[in-house]
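*Asks:* Here it is, the structure in full.
Read-outs: derived from the displayed coordinates by stated rules, not from any lab. Note that the structure is predicted; figures quoted are calculated from it, not measured. FYI the Cβ positions are ideal-geometry reconstructions off the backbone, even for glycines, and counts take in every protein chain you see.
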Amino acid sequence: MKKAILDTNFILTCVKQKIDFLDEIKFMGIMILIPEEVLNEIKKIMNSGKKLHFRENARLALKILNKNRFKKIKLDTTDVDKGLVIFAKKNKDVIVATLDKKLKEKIKKPKLVIRGKKKLEVI
């Protein structure tokens, strides 16, 4: 079974654009992996001094994630992007879900992205 590891910006953008990303990914037959470090980043944004809509999107993202089933993993690094790259290189069947341009360039494997502000697509 294919697995998708989700990045913070991917989750928050899906929430912002009202994409039901968890169901869509599961419908594709892909198992969802979310690093604890990503969850911590979302919590940090929720409690930060950023603009209200960023904090609200983070709060909603956590609420959505808490109501759904996914596998939590640990990257064992403080730099989440670096951890995602290392994890993707070690695991052949992992698709990285990110919108980060630099991260996409570092990962030569298939990536899960948002197309047309509403659709998820593996490229």
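*Asks:* Of the residues Lys71, Lys67, which is without any contact (Cβ under 8 Å) to a residue 40 or more places away in the chain, among the basic types (Lys, Arg) and over 17 Å from Lys16 (Cβ atoms)?
*Replies:* The conditions single out Lys67.
*Asks:* Also, quick follow-up: Exactly one of (1) out of contact with any Asp or Glu (no Cβ under 9 Å at 6 or more places or on another chain); (2) surrounded by 15 or more Cβ atoms within 10 Å (Cβ to Cβ); (3) under 12 Å from Leu12 (Cβ atoms); (4) not β-branched (Val, Ile, Thr) is unmet by Glu56. Its number?
*Replies:* That leaves (2) as the condition not met.
*Asks:* Given segment 23-123, what strands (runs of 3 or more DSSP E) lie entirely inside it while holding 1 or more residues that are of a type in the set (Lys, Arg) and over 13 Å from the mean Cα position of the chain (by Cα)?
*Replies:* Ranges flagged: 111-115, 119-122.
*Asks:* Could you please find all residues in segment 17-74 being farther than 20 Å from Leu120 by Cα and polar (S, T, N, Q)?
*Replies:* Asn40, Asn47, Ser48, Asn66
*Asks:* Would you say Ile73 is surrounded by fewer than 19 Cβ atoms within 10 Å (Cβ to Cβ), under 18 Å from Glu41 (Cβ atoms), of a type in the set (A, V, I, L, M, F, W, C) and touching a Pro at 6+ places or on another chain (Cβ under 7 Å)?
*Replies:* Yes; evaluated as a whole, the condition is true for this residue.
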